[in-house]
1. Are there any pairs, at least 6 apart or on different chains, whose C-beta atoms fall under 7 Å, with the first in the stretch 138-152 and of a type in the set (Ser, Thr, Tyr) and the second at pLDDT below 90, and if so, which?
2. Out of 121, 77, report the one residue that is at pLDDT below 95 and surrounded by 13 or more Cβ atoms within 10 Å (Cβ to Cβ).
3. So how many residues does the stretch 144-170 have that are open to solvent by less than 30 Å² (accessible area, probe 1.4 Å), within 21 Å of residue 60 (Cα to Cα) and not β-branched (Val, Ile, Thr)?
4. With the condition kept exactly as written, say whether any residue in the stretch 156-172 is part of a loop (DSSP other than H, G, I, E, B), without any contact (Cβ under 8 Å) to a residue 60 or more places away in the chain and closer than 12 Å to residue 39 by Cα.
5. Can we say residue 127 is among the aliphatic types (A, V, I, L, M) and in a strand (DSSP E or B)?
6. Check whether at least one residue in the stretch 136-145 is at pLDDT 95 or above and either in contact with a Ser or Thr (Cβ under 6 Å, 6 or more places away or on another chain) or not in a loop (DSSP other than H, G, I, E, B) (or both), and report yes or no.
7. Just give me the residues in the stretch 43-64 being of a type outside the set (A, V, I, L, M, F, W, C), more than 20 Å from residue 130 (Cβ to Cβ) and surrounded by 17 or more Cβ atoms within 10 Å (Cβ to Cβ), in sequence order.
8. Search the stretch 88-110 for residues being open to solvent by 50 Å² or more (accessible area, probe 1.4 Å) and not in a loop (DSSP other than H, G, I, E, B), and hand back the single one that is modelled with the highest pLDDT.
Amino acid sequence: MRNRMLFLCRVASAAFLVLSLCPPARAASPEDHAAVPEILSRAESLFQSMKSRDYPAIFAALSAKSRETIVAETASALAAAARQATPGMPTAAESPSTLARDPAPGLEAVRRDFVAGGPIARDYWDAFLRRFDPDAALEHSRWEIGSVGKDRAVILLTHHGADHPATLKIFREDGGWKMGLVETFWSR
């Protein structure tokens with residue numbers, strides 16, 4: 001029994017010595033992730049494209065869900081506007097040739113316009129940028145990495161004077177990082 005107690009004391013002492021000499025393990029920080037520079041660069045590039053009104057670059061920087069949502073909502077709004085009658089003009093029901101003469105563009109035409117930075121894209125992004133100043137993110141906010149995963153990341157943007165950060169969701173798609181504008185800012 002005495003040998004057993006002596007053995008346990010020695011094992012405990014040795015374990016304590018080993019553990020006290022080993023530095024504590026540090027949890028990996030999101031800033032340590034190898035993709036962080038690319039993620040931050042892509043996010044900054046989106047806001048710079050907005051600032052310079054480079055419409056094709058804005059659209060290209062967005063996630064697939066953001067691009068498809070924006071195209072679908074824009075095509076739907078254009079179709080609704082085309083159906084509305086101008087005051088004093090016959091309605092589409094009274095004059096079916098009105099829609100045939102000036103139909104709303106379909107999804108593919110709207111998508112092509114956004115890719116090319118055409119007039120629909122220009123109107124959309126100009127309206128968006130009347131309500132959002134990219135300098136708020138570029139010049140007047142603190143940027144921090146919130147989290148980084150294999151296919152997702154989060155950037156925390158805290159505007160000067162704000163108590164809480166905005167959370168920008170970013171997704172890895174087709175070998176690059178894309179900004180989740182819809183995933184971040186549209187209501188569910």
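The values are calculated or read from the model by the stated rules, or taken from the named source; none is laboratory data. Since the model is a prediction, treat every value here as computed from it, not as a measurement. Don't worry about glycine lacking a Cβ; one is built from the backbone with ideal geometry, like all the others, and counts go over all protein chains shown. Heavy atoms of the whole protein, side chains included, go into the accessibility calculation; ligands, DNA and RNA do not. Shrake-Rupley method; radii C 1.70, N 1.55, O 1.52, S 1.80 Å.
1. 147/30
2. Working: 121 fails: at pLDDT below 95.
Testing whether each residue is at pLDDT below 95 and surrounded by 13 or more Cβ atoms within 10 Å (Cβ to Cβ) leaves just 77.
3. 2
4. The first filter runs over the stretch 156-172 and keeps only residues part of a loop (DSSP other than H, G, I, E, B), leaving 160-165.
Filter once more, so that each one left must be without any contact (Cβ under 8 Å) to a residue 60 or more places away in the chain: 160-165.
Now restrict to residues that are closer than 12 Å to residue 39 by Cα: none.
For the stretch 156-172, residues part of a loop (DSSP other than H, G, I, E, B), without any contact (Cβ under 8 Å) to a residue 60 or more places away in the chain and closer than 12 Å to residue 39 by Cα: absent.
5. Values: among the aliphatic types (A, V, I, L, M): yes; in a strand (DSSP E or B): no.
When the stated conditions are applied, residue 127 does not pass them.
6. If we filter the stretch 136-145 for residues that are at pLDDT 95 or above, which is where we start, we get none.
No, the stretch 136-145 contains no residue that is at pLDDT 95 or above and either in contact with a Ser or Thr (Cβ under 6 Å, 6 or more places away or on another chain) or not in a loop (DSSP other than H, G, I, E, B) (or both).
7. Let us first name the residues in the stretch 43-64 that are of a type outside the set (A, V, I, L, M, F, W, C), namely 44-45, 48-49, 51-56, 63.
Next cut, more than 20 Å from residue 130 (Cβ to Cβ) only: 44-45, 63.
Listed by number, the residues that qualify are 45, 63.
8. The initial filter retains those residues of the stretch 88-110 that are open to solvent by 50 Å² or more (accessible area, probe 1.4 Å), namely 88-91, 93-94, 96-97, 99-103, 107-108.
Add one more test, that the residue is not in a loop (DSSP other than H, G, I, E, B), and what stays is 97, 99-101, 107-108.
Numbers: 97: 42, 99: 42, 100: 45, 101: 48, 107: 93, 108: 96.
Applying the filter and picking the extreme gives 108.
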